[in-house]
Every structure is written in C-alpha cells, then in structure tokens.
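For reference, the structure discussed in these notes is given below.
Read-outs throughout are calculated quantities, based only on the coordinates presented, and are distinct from any laboratory measurement. Values in this document were obtained by computation on a predicted structure and should not be read as measured data. Neighbour counts are summed over all protein chains in view; Cβ atoms, including those assigned to glycine, are modelled from backbone coordinates with ideal geometry.
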Amino acid sequence: MKRFACWVLLLVLASQAHASGVGLRWGSCQGTANRNFACDKSTGSELLVGSFEPPSGISQLMGIEVILSIAAADGNVPSWWQTFETGSCRRSSIAAAFDVSDQAECDDPWNGQAAGGTGQAGATKVSQYDIRNPVGLNLWLTTAVPREAIQSAQSGRTYAAFKLIINHQKSNGPGACSGCATPVCIRLEAIRLVQPGRRNADGSTSNNYVDLTSGIGGMGGASQVATWQGGTPNCAAGAAKVSTWSELKKRFK
C-alpha cells in the first residue's frame, strides 16, 4: 500500500513539473512580479518578458500569438499607458521585440531568428482596441518564422516568447503624461503556439495550434500577472475573466 501511495505521489509531482502555462515578469523570465518607478525621469526604459512552458507534442513551432491586458484597479487605463493611438500622450512608448536570445533564465524557441532581418517571416503587430469594459487596454502580439527555421518546443522547458520595452518618455517635467504613478496590473491572458496546418484525408487543411491560458506553476504568486507601482494582481477584479482564445479575441473589433 505504501509503495502504491508513493507511486501515485510521484505521478502527481511529475504532472506538476511538466504542466504547461504562461508567465510574465519584469526584467527577465524569472524576474520580479512588481516594478516600482519613481517617475522622476523621462529617459531609460523598463522590460517585461513573457514566457511559456509548452505541453508535449509541439514538434514544429512556427509562430506565436499573444494577448495581454493592462488596467488599473478601477478598470481604467492611465494616460501614461495609452501609447498606440494617434494623438495619445505617449505615442509609440511601448514596443514589442521577439529576439529573446539574451534571456539566460529560459530558452529561445527559435535561436534568435524571430528578431527580424535574415530568417524572419511574418509580421509583428501591436494593437490597441477600446473595448469599453473593465478589462482595460488590450494588446495583441504575433510573430512567425519561415519553414526552415521551425523548431520543436519541449515539454518541461521554459521558453521566452516576447519582450515589451516600455520607455520613460514624458514621465517627468513639462509635458509629462498623467498616470505614471498609478498602480496598474498587466496580465498575460494567453499565448497561442502555432504549428503548420494538418492535412486531412479529403485534402483540406486544419488549423494546428495549442492555447495556453493558465499560469506557470512554481514562479511565485500569480505567474501570468506583472504589477506596476504595487498594483493589485487581480487585474480589475470586478471584470469577468475569460479562458478561451475565441472569447479573448472577441475583445478585438
């Protein structure tokens, strides 16, 4: 009986060790969950790193799609974070990058080939959509590599997916944007791992992807949430949370 109990415990531990999910941290894959900034300068930048642990069976990872949300506790988005629409206070102050070869705490799924230039295919898109609900500002990131750069992603390993570079523009002095000191919650809602389409018996092609919406275990706290200025990790707790890709994409109109 004791031997059976130990065997069951080992199975549970193995399942936990290889559970798939997503993570979001400041500075690096295993960085801090919260970032405090004195808003006393308009130079320099902050770095947010998104990561994922894939399930088994991802043998041909060709692309990644990401959905994030940003909101204060009341569901509003401070002007300091409104950087995408024409005429916004900090236009183009947030940028996405997919060269994650500098991340020592997790693996690069494409050996630097998603960084642009030679070997990169597909587009990188960062968009803001006003969905007028308490979830706040939503970002969609996507990248892909050409077929010859496709790699497998192994279960039990953590991979970096993207970096968000948030500069300090207009944080201090004349013309500063309001809201830099406002506590904010940034949630990595989902990462879609895209593989080449499957060929069906009738000659048609089916989509082939895996959606990750849960946090990575063992990172401490809410692994898929990063806070700014001590923001609540509940990400506007009054908002209804969704857990499927199709529900998340309904935010984008």
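Counted residue by residue at 0.36 nm each, then reduced by the alpha carbon distance between them, the extension gain from A201 to Q30 reaches 57.2 nm. Computed from the C-beta positions of D102 and S56, the FRET efficiency with R₀ = 25 Å rounds to 0.35. Applied to segment 27-42, the Karplus parametrisation 6.51 cos²θ - 1.76 cosθ + 1.60 on θ = phi - 60° returns per-residue 3J(HN,Hα) values of x, 6, 4, 10, x, 8, 7, 10, 10, 9, 10, 6, 6, 9, 8, 10 Hz, with x for Gly and Pro.
Extending 7 Å from Cα along the Cβ direction at S88 and again at N111 yields two label points whose distance is 3.6 nm. The trypsin sites (Lys or Arg not before Pro) found in segment 143-197 that occupy coil by DSSP, while having at most 16 further C-beta atoms within 10 Å, are R157.
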